[in-house]
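> What follows is a single structure, and I will ask about it in a moment.
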Amino acid sequence: MRFRHALLIGILSAALLPFALLSAWQVRSIAQESERDDARQWSAAQSAARALGREVGNAGRLVRAAALSAEAALAERATPALVKTLQAAVKELAEASPLIVNLHIDDASMRSLVFWPPVNEAGETNWNQDHSQRWHASAIRRPAGSLMSSSAFVATGAYRDATVGIAAPIAGRGEHAGRNVGVASAVLDLDQVGAVARRIERQAGLPGLSIVVLDREGRVLHPRAEDARGWTTVEAADLESALRAQPEALAETTLPSALLRPEDARGEALLQVSAAAQPVAESGGLALGWRVLALRPASLRHAELHAAVLRSAAAGGAILLLLLAAAGLLSGALSSAAERLVRHVAAGRPKPDPHDRVRFPKELAIVQEAYGRALEEAEAKSRALARLNAELEEKVAERTRDLARQTETLSHLFEAMAEGFVVTAQGSNGLEVRLSNRRAKALLGGAARAGTPVAELLAALGVKTLPASGAAATLPARPEDGRRLEALRFPLEDGRGFGLLLRDVTEREAQADMKSAMIGMVAHELKTPIAAIRLEVEALRGTGAGDPEALSELGESAEQLQRLVDDWLDAARIEGGAFRIERKPLQLALAARRAAKRARRRFPALEVEFDFAEDAQMLVGDEARLGQLFENLFTNAARYAKPGVGPKASVSARRTAAGAIEIRVADNGVGIDPAEAEAVFEKFRQGGRAKRRSGGTGLGLFIARAVALSHGGSIRAEPLDPADFRAGTVFVVVLPEIAPEAETPGPRLA
């Protein structure tokens, strides 16, 4: 029974909730619309105040302009021509503002000197009229350049209607300087003031909106009474009370009857907004003290909100009755179906008993059928899962045995490796040895034991840092036994340690040292016979004996042999750490041009172009060694030129943002495979390029790199065209502006 009640309440709640939300949304929408209307009402009052300020301020500026125009005229004798000119100026100024009804100039005796229009409505002249008793007569005593305005009054002169006046004193000139000599004054058309207010009312588009304009004494300038002399006056105290001392805020209050329309004579509450806190016309130095009110019946908003509430209440009542009836019928059927479904689930059988089968609603019937199928599938899967678990346990046991055998095999292989192998990892005291094989312990002793800090391992190796990952390096000879080890470092997958492969290369390095020493010795021994050959060739040339062509070929062969010996000696110095440079100021472009000249003596077909920036001309370094670098690059371009294509090289130098000088030597040769871009700088390495046009030792680029390194710089090879390395090669040399005091190009550990 409780289920039916809960179901009934739930249905009603679910149905009424959207209705309640819709009603609340409707009421809120009406409230928001009312707020927007209030904002538009306030904006209308502000707009009216600004518009009146502009129009009246403009009229004030025109009156001041008339006063300024009259200053020169009143400083002289008023001739007919001068009066005619002033009359035209006054006419033009009066017609420039729709608010100005008339504009005139009075002299010091307050008699009208110039008047526009010149005649009144009765056809009488407006000139030479006595205005000493008019409102603007007191303006002659005000400071020059000031403006004054009047309260609303009914004109008795040329214009006989309700109006507001503006006046400005006319300052004297010449002998009249320091005192006023007249007054310029104008009266305003309040119908035009009303036109501005009515335009703002139309633009606001608010039903029932009414713009009310009050002067400084509370007289209603708009809307005007039918009888111009029947002023409607609102007392300041009554107005402040009506505005509840909040002139800039919206308020619902009962306004003074003087502000109400005839149909509102009962004094009903109005929504009103006032711009009283903002002077209507302060621009141009004119302060009228006017106020603008925007009035709108509050009943409009109240009626709309009340109607919405009534509609919502009526709709809610009707919906509630219908839902009660429908929910009662539905809850009974649902309650019965739910009870049958609960009995079926409690029985735990895939097929329900006949009296527990659900037929309505269809959704619950589908749920009952799905429950039965799910129960059958669950039982079948449970049986299958049991079989799979048994098979999995058997496979896991077999896999465990296989892993144990593999681990044992790998352990034997690890210990039997000919090279030493050390694995490091993060420990409690930082990076330490985690694992090492028998060969590593034989090479390093206790430093290879597990738990040894990496610092002790480095000390046993005789180095402070290890080579970079993936780079093999030969370590210095160990002082205790003279052994030399080669170390290869590689990262581990976890990134927290590294592996180290150690190989004993003492014998290999001894052979390499022996070979270098022998090359150096042979080179030194060859220098003497080569020098003798060159001297003999020069002597034979001097005496004119022998075949000149044969002597020339013999001289070139001697020079080539001398260069070969020099390259061998330089290679020996590089490997022995004795390669040095002399630091002197030099002209880089001059060194490059001299190197090109020497290269062209050997390869006359070689063409070289130069492009050195002005700030990349000077360098402090070894001119002879840098010339050797350029010459090796130029001869390299000539040797590896494409068949049938004349060799070309171009040299450019620019200063980098870091202050170094970057030199680019490009050729049109067969190019260098990017995979060999680093290997070509190794000793005796010539790469897998096309057949050379002239022989070489494979030491040119090796020496070029030594020269760059000795100057504290670097050299690298790049394809001229990244898309096709066969298009040529660019050698990029970066040199500091001043070579370091001492720099050796020998091998270094990373």
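> Using alpha carbon centroids, what distance separates the stretch 102-137 and the stretch 187-222, in Å?
29
> Among DSSP beta bridges whose residues both lie in the stretch 581-735, state the antiparallel percentage, nearest 5. All intermediate terms of the calculation are to be shown ahead of the outcome.
Details: 25 of 31 bridges.
Percentage antiparallel, nearest 5: 80.
> Oh, and also: Quick one: compute the contact order of the stretch 417-501, relative version, from alpha carbon pairs under 8 angstrom and 6+ residues apart, as a percent. Present the calculation step by step, with values, prior to reporting the outcome.
Working: 158 pairs, mean separation 22.4, N = 85.
It comes to 26 percent, rounded to a whole number.
> Loop only per DSSP, at most 16 neighbouring Cβ atoms within 10 Å: give me the chymotrypsin sites (Phe, Trp or Tyr not before Pro) in the stretch 62-149, ordered by residue number.
For chymotrypsin sites (Phe, Trp or Tyr not before Pro) across the stretch 62-149 that sit outside H, G, I, E and B with at most 16 neighbouring Cβ atoms in 10 Å, the list reads Trp127.
> Cross-link list Lys441/Lys683; Lys351/Lys381; Lys351/Lys395; Lys584/Lys642: which exceed 30 angstrom alpha carbon to alpha carbon?
Beyond 30 Å between Cα atoms: Lys441/Lys683; Lys351/Lys395; Lys584/Lys642.
> Please give the FRET efficiency for Lys464 paired with Leu403, using the beta carbon to beta carbon distance and R0 = 45 Å, rounded to the nearest 0.05.
The pair Lys464/Leu403 has a calculated efficiency of 0.65.
> Under 5 Å between amide hydrogens, which residues at least 5 positions from Gly671 or on another chain qualify, with H placed 1.01 Å from N in the peptide plane?
Gly728, Thr729
> Can I ask one more? Starting from 0.36 nm per residue, how many nanometres of slack lie between Arg508 and Glu121 once their C-alpha separation is accounted for?
Result for the pair: 126.3 nm of gain on full extension.
> Sticking with this one: Hey, rough spin-label estimate for Glu415 and Ala195, points 7 angstrom out along Cα→Cβ, what's it come to in nanometres?
Those two pseudo-labels are separated by 11.6 nm.
> Set Lys and Arg Cβ to +1 and Asp and Glu Cβ to -1, take the dipole of the stretch 32-152 about its Cα centre, and tell me which of Leu147, Ala96, Ala49 lies farthest positive.
Leu147
> Hey, got a sec? Which trypsin sites (Lys or Arg not before Pro) in the stretch 67-104 land in a DSSP loop and have at most 16 other Cβ atoms within 10 Å?
Hits after loop and neighbour filter: Arg77.
> Using the Cα centre of the stretch 417-501 as the reference point, and only Cβ charges (+1 on K/R, -1 on D/E), how large is the resulting charge dipole? Debye, rounded to the nearest 20.
140
> Run the paramagnetic zone check for Met618: 7 angstrom along Cα to Cβ, then residues of the stretch 650-683 with backbone nitrogen under 18 Å.
Only 653-656, 659-662 fall inside the zone, counting backbone N under 18 Å.
> Right, something else. Using R₀ = 60 Å, calculate the FRET efficiency as 1/(1 + (r/R₀)^6) where r is the Cβ-Cβ separation of Leu321 and Val396; round to 0.05.
Computed FRET efficiency for Leu321 and Val396 comes out at 0.30.
> Which parts of the stretch 371-407 would a label at Val345 reach, counting a residue when its backbone N lies under 19 Å from a point 7 Å out along Cα-to-Cβ?
371-379
> Turning to a different aspect of this structure: Using DSSP to call loops (not H, G, I, E or B), can you name the GluC sites (Glu not before Pro) in the stretch 67-107 whose Cβ has at most 15 other Cβ atoms within 10 angstrom?
Glu76, Glu95
> Between Arg202 and Glu363, what is the spin-label point distance in nm, taking each point 7 Å from the Cα along the Cα→C-beta axis?
Between Arg202 and Glu363, the simple spin-label model gives 6.0 nm.
> Now for a separate question. Note down the nm distance, to one decimal, between modelled labels 7 Å out along Cα→Cβ at Asp724 and at Ala81.
9.5
No lab work stands behind these numbers, since they all come straight from the coordinates. Keep in mind it's a predicted model, so treat the numbers as computed, not measured. Here Cβ is always computed from backbone atoms with ideal geometry, including for glycine, and neighbour counts include all displayed protein chains.
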